[in-house]
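Q: Pasting a structure here, questions to come.
The values are calculated or read from the model by the stated rules, or taken from the named source; none is laboratory data. Just so it is clear, the model here is predicted, and its values are computed rather than measured. In this analysis, Cβ positions are derived from the backbone assuming ideal geometry, glycine residues included, and neighbour counts consider all displayed protein chains.
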Amino acid sequence: MTTHTITFGKVGDAYPVPPLTLFGEMGSEDFQRAVARHAIPHLRPALAALGRPELADCYFHHDEARTSGCFVWIDILGGEGARFCGVTIDEGAG
């Protein structure tokens, strides 16, 4: 079984999202959804405190090797976007 330990980076001057451990094999979409479900409730108040509550309407994206990632916010109509809260992913045997 695979174990993924996900460590979340800073938002502003704080680390608002506690680490997450996911067990077992997951497809990319399921993995991204699990990380977002865990993190967004913690990100929402931190982003609101920074005056950017709209950024909480985001998704999580990881690299192909599944070793790092970040949260991404896109406003298609406004032509804006932002990447924030970098993530480190460590994979080990469970």
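Q: Any chance you could count how many residues in the range 27-54 are closer than 15 Å to Val87 by Cβ and not charged (D, E, K, R)?
A: 12
Q: Also: Against the conditions (1) surrounded by 17 or more Cβ atoms within 10 Å (Cβ to Cβ); (2) in contact with a Leu (Cβ under 8 Å, 6 or more places away or on another chain), where does His62 fall short? Just the number, please.
A: (2)
Q: Can you find a residue that is closer than 21 Å to Thr5 by Cβ, under 13 Å from the mean Cα position of the chain (by Cα) and of a type in the set (D, E, K, R) anywhere in the range 39-52?
A: no
Q: Against the definition (modelled with pLDDT of 95 or more, of a type in the set (A, V, I, L, M, F, W, C) and more than 17 Å from Thr7 (Cβ to Cβ)), how does Ala93 come out, yes or no?
A: For Ala93, the condition - modelled with pLDDT of 95 or more, of a type in the set (A, V, I, L, M, F, W, C) and more than 17 Å from Thr7 (Cβ to Cβ) - is not met.
Residues checked against (1) of a type in the set (Gly, Ala, Ser); (2) crowded, with 17+ Cβ neighbours inside 10 Å:
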position: Leu20; (1), (2): no, yes
position: Arg33; (1), (2): no, no
position: Ala49; (1), (2): yes, no
position: Arg52; (1), (2): no, no
position: Ser68; (1), (2): yes, no
position: Val72; (1), (2): no, no
